[in-house]
Amino acid sequence: MSMNVKDTDSFEFTPENLEWTKTQFAKYPENRKESCVMPFLHRAQEQNNGWVSVPVMEYIADMLDMPYIRVHEVATFYSMYNLKPVGKHVIEVCTTTPCWLRGSDDVVRACQEELGIGFGETTEDGEYTLLEVECAGACVNAPVIAYKEEYYEDLSEDSTRAFIKEIKAGKTPAPGPQNGRFKSCPIGGPTTLKDRAPAGAEFGGGE
Amino acid sequence: MPTLTVDGVEVEVEPGTTVLQACEQAGVEIPRFCYHERLSIAGNCRMCLVEVTPGPPKPAASCALPAGDGMEVRTNTEKVKQYREGVMEFLLINHPLDCPICDQGGECDLQDQSMAYGEGASRYNEKRRIVKEKYMGPLIRTIMTRCIHCTRCVRFADEIAGVPSLGAIGRGENMQITTYNEQAFASEMAGNVVDLCPVGALTSKPYTFKARPWELKNTETIDVHDALGSNVRIDSRGKAVMRALPRIHEEVNEEWISDKTRHAVDGLAKNRLDRPYIKKDGKLQEATWEEAFGAIAAILQGVDGSQIAGIVGDLADAESMYAMKLLISSLGGSVECRQDGSKMGAKHRAGYLFNSGVAGIDEADAILLVGSNPRHESPVLNARIRQRWLTRECPVANVGPDVDLSYKVQQLGDSAAVLENILDGNNDFADVLSKAEKPMIILGQGALNRDDSLAIIKLAHDICEKYGGSGDWNGFNVLHTAASRVAALDMGLVTDGGIDGILDGAEKGDIKVVYNLGADELDTARLEKAFVIYQGSHGDEGVRHADVILPGVAYTEKPGTYLNTEGRVQVAQRAIFGPGEAREDWTIFRALSEVLGKTLEFDNIAQLRSKMHADYPQFATVDAKPNEPWAEFGVAGNVSNDGFTHTITDFWGSNPIARSSETMDECRAAMNGDNQTEGATGTDG
């Protein structure tokens, strides 16, 4: 990821977001208002088509009386702030150890082949961005993709291809495990303590 | 007070002391990179690990651990040796082995400490990271692959310089130190980060590949670029000054110097006067010393003493001025030192010194600036005010133009009338002053070169008397801009008409001969009718209408006594010899006096000094802040409502040496926003 910052258009919060900033300011004492920097950056990223531009950082720095470099430090520290434009569909693939052990390499390959781009890249039409992320915190359902604030879990190469094809078709795939599993329950029903399964318990995907 | 043992040695330390400082008190050296006495504690290099009991059975970073009563600290065990070897191995993983081509080589903390505490070999075979060079301005060259992320430079920018434009972006292995948007680090003290950098990541750009530290002759001397009298070390090789570095003096410059002090030294090799000149047929022509002295002797015959005037420049040392005063007064003339038009009288020392002392700023609890922009007039002193301001115990107010001083000041208005209100109590800041135990009022030269300056001085004097604080605290301070000024005022080098009297007299023909000792900040066109003898080091404004030029040497080329703005006597040493036929200024006066038949009664500098010390005993007490008795000074009168004008309009070119310096030109351009003239970085493309 390039850390160079380049000038782009100016930025201002929408009136609704400006109204929302008041709720954040109210959380902290006046002389500690720098604490608002992370929620502000996040909200600004949402408003600014998914990325944090230089004018965004300077706008927020001015709002919070912070030196520009301090906001820049925060924005570059956290990988969830995108520092360059992203596509309409941001697909984040987890490749941390549990996902990797469970086959994230296949998932990555499927994504790259289907989209024709590598990590950190955006398709030429500006539609899709593929990102590699650190642990998404859903290791029990590894491997995992995060897309539009939902997790797509228990992926294989085939289910990943199907997932992307569905997005390309303009649909929103159903989130959750993609192998028929119910949440993080054992696939095919319980394997232990079978006699003690509470009445009416759902295990999904069973025979 | 906590008592602890360090390697079995018992030490008692102040509460709040860290274990690292306690170890130093016990005489044990702890290696460190990120820790620095004058910066906040970061604790991120981990080099200072020690064993501490009681406590968890793991290494403790001594720089960030407060010393506790009954602690047992061990620094010489096998475990500590392993800690250090481990940390050093990690630090060196990404550090290139380019010491032979690194400017830091030979004076590098990393090099020294890896020799002392490292393992000697690396087990690392994987890829190393490479970091792109960053633009940080004309003074700082960056080789960021060498950076070990101690963040000393970031903390310096935030805490000392007050220009928070440095930061660490990214994280983990991708962390990089940079300025915001790769703009120049816009501080007047930027060069200090080069000293702070414990590795070769930030090195001096003008000094790049110029010399190795072991080739240099080190001369401990005094700076003359402002009136603070920063203690410096001049490093020279052969006949060239290679660089200037700060020396530690807690009561003057701590361990900082301004960029002008550090980097104007390349001006010492340019535009130099290296032989005498005489104007013949309207043109300056090379001459011998005998011819030059002969021309002066010829012109002085038939000139009455009252028609001779001397002008002293900003960089003159006390010995030169003393010899000049003796010579000119033996001819019947008088000498003026206030070339900037200052009205400052020379009668009472308390009336023109920085009486509270530079170290007094650390105790002040209210500061009022009048007509001063300390950021340009003395950046290091300004940083000290900022340090005090940061404690929130010392509000700072300003009477004068609203300028960015790198800290927030209460802007009281740009009119001398504000002082009247403060004196009458009709101002918010009057309350602050009256509550303060140790208030300071700092008069800049901008308050002293006006028609109503004597009335302003009187107002400041009365404010000090009314709100003077307690005990023997003297809150009246004058921040001079000329290194020569205090010594000159001590010697009474003032005339009734001031500099304007001399310039007017020269225009009218009342003054026939002007002897100019290095004064280049005045309009010499007004001296055109007079016979002008210019004695100085650089071909600058002063030589433009000169009839005879006598080449003197610059401050690095002569021993000399300087009194800083506090009146502290400091003695500078010769680092190199002057170019060509340039001579030490006092010897020129001595030689000329013989030609004129008014031989001065000294043959060497020791004789001169003992005579000078007999006339002015205060010059004999070296390196002590004088405590002058309070006196009546200033003249009551009306003050005008005109705004103040700061005298240093161009920090980067305030004297002939700085104006000759290409580095200063580059700094000025960078500060004016002409960033990145040489392209973003050295490795683009």
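The values are calculated or read from the model by the stated rules, or taken from the named source; none is laboratory data. Everything quoted here is computed from the prediction, not taken from an experiment. Quick reminder, even Gly has a Cβ in these numbers, built from the backbone with ideal geometry, and neighbours come from all protein chains shown.
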When region A:103-126 is checked residue by residue, the ones that are out of contact with any strand residue (DSSP E or B) (no Cβ under 7 Å at 6 or more places or on another chain) and crowded, with 18+ Cβ neighbours inside 10 Å are A:ALA110, A:GLU114
Take B:ALA482 and decide whether it is under 27 Å from B:LEU592 (Cβ atoms), crowded, with 24+ Cβ neighbours inside 10 Å and touching a Gly at 6+ places or on another chain (Cβ under 9 Å).
yes
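Does B:ALA318 fit the bill of being of a type in the set (Gly, Ala, Ser), over 14 Å from B:GLN535 (Cα atoms) and surrounded by fewer than 15 Cβ atoms within 10 Å (Cβ to Cβ)? So that I can check it myself, show each step before the final result.
Working: of a type in the set (Gly, Ala, Ser): yes; over 14 Å from B:GLN535 (Cα atoms): yes; surrounded by fewer than 15 Cβ atoms within 10 Å (Cβ to Cβ): no.
No, not satisfied.
Select, from B:HIS249, B:HIS263, the only residue that is in contact with a Cys (Cβ under 8 Å, 6 or more places away or on another chain), buried (at least 17 other Cβ atoms within 10 Å of the Cβ) and under 30 Å from B:PRO374 (Cα atoms). Steps first, answer last, please.
On the way: B:HIS249 fails: in contact with a Cys (Cβ under 8 Å, 6 or more places away or on another chain).
Unique residue meeting the criteria: B:HIS263.
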B:VAL232 fails exactly one of (1) in contact (Cβ under 8 Å) with a residue 40 or more places away in the chain; (2) under 29 Å from B:PRO100 (Cβ atoms), namely (1)
Only one of (1) in contact with a Pro (Cβ under 9 Å, 6 or more places away or on another chain); (2) under 27 Å from B:PHE156 (Cβ atoms) does not apply to B:VAL403, and that is (1)
Only one of (1) polar (S, T, N, Q); (2) more than 14 Å from chain A (Cβ to nearest Cβ); (3) buried (at least 23 other Cβ atoms within 10 Å of the Cβ) does not apply to B:SER187, and that is (2)
Checked against (1) surrounded by fewer than 18 Cβ atoms within 10 Å (Cβ to Cβ); (2) within 26 Å of A:LYS148 (Cβ to Cβ), A:CYS94 satisfies every condition except (1)
Over region B:123-144, the set of residues surrounded by fewer than 19 Cβ atoms within 10 Å (Cβ to Cβ) and polar (S, T, N, Q) is B:ASN125
Region B:259-376: strands (runs of 3 or more DSSP E) wholly inside it with 2 or more residues that are in contact with a strand residue (DSSP E or B) (Cβ under 9 Å, 6 or more places away or on another chain) and of a type in the set (Gly, Ala, Ser) are B:308-312
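Identify, from the list B:ALA227, B:ALA184, the residue that is at pLDDT 95 or above, more than 19 Å from A:PHE77 (Cα to Cα) and of a type in the set (Gly, Ala, Ser). Outline the logic, then answer.
Values: B:ALA184 fails: at pLDDT 95 or above.
B:ALA227 is the lone residue from the list that is at pLDDT 95 or above, more than 19 Å from A:PHE77 (Cα to Cα) and of a type in the set (Gly, Ala, Ser).
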Subset of region B:145-156, residues assigned to a helix (DSSP H, G or I), buried (at least 20 other Cβ atoms within 10 Å of the Cβ) and more than 28 Å from the chain's Cα centre (by Cα), comes to B:ARG146
Of those in region B:157-181 that are touching a residue at least 40 places away in the same chain (Cβ under 8 Å), assigned to a helix (DSSP H, G or I) and buried (at least 20 other Cβ atoms within 10 Å of the Cβ), the residue farthest from the other protein chains (Cβ to nearest Cβ) is B:ILE160
(1) closer than 24 Å to B:MET189 by Cβ; (2) in contact (Cβ under 8 Å) with a residue 40 or more places away in the chain all hold for B:LEU216 apart from (2)
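In region B:503-515, is there at least one residue being under 20 Å from B:ILE549 (Cα atoms) and under 29 Å from the mean Cα position of the chain (by Cα)? Even if it seems obvious, please write down each step before you answer.
Taking region B:503-515 and keeping what is under 20 Å from B:ILE549 (Cα atoms), we get B:503, B:506, B:511-515.
The next check asks that each one be under 29 Å from the mean Cα position of the chain (by Cα); those that pass are B:515.
So far as region B:503-515 goes, yes, one or more of its residues are under 20 Å from B:ILE549 (Cα atoms) and under 29 Å from the mean Cα position of the chain (by Cα).
Does region A:149-170 contain any residue that is farther than 24 Å from A:LEU131 by Cβ and surrounded by 14 or more Cβ atoms within 10 Å (Cβ to Cβ)? Before you say what the answer is, go through the steps one by one.
Going residue by residue through region A:149-170, those that are farther than 24 Å from A:LEU131 by Cβ are none.
No, region A:149-170 contains no residue that is farther than 24 Å from A:LEU131 by Cβ and surrounded by 14 or more Cβ atoms within 10 Å (Cβ to Cβ).
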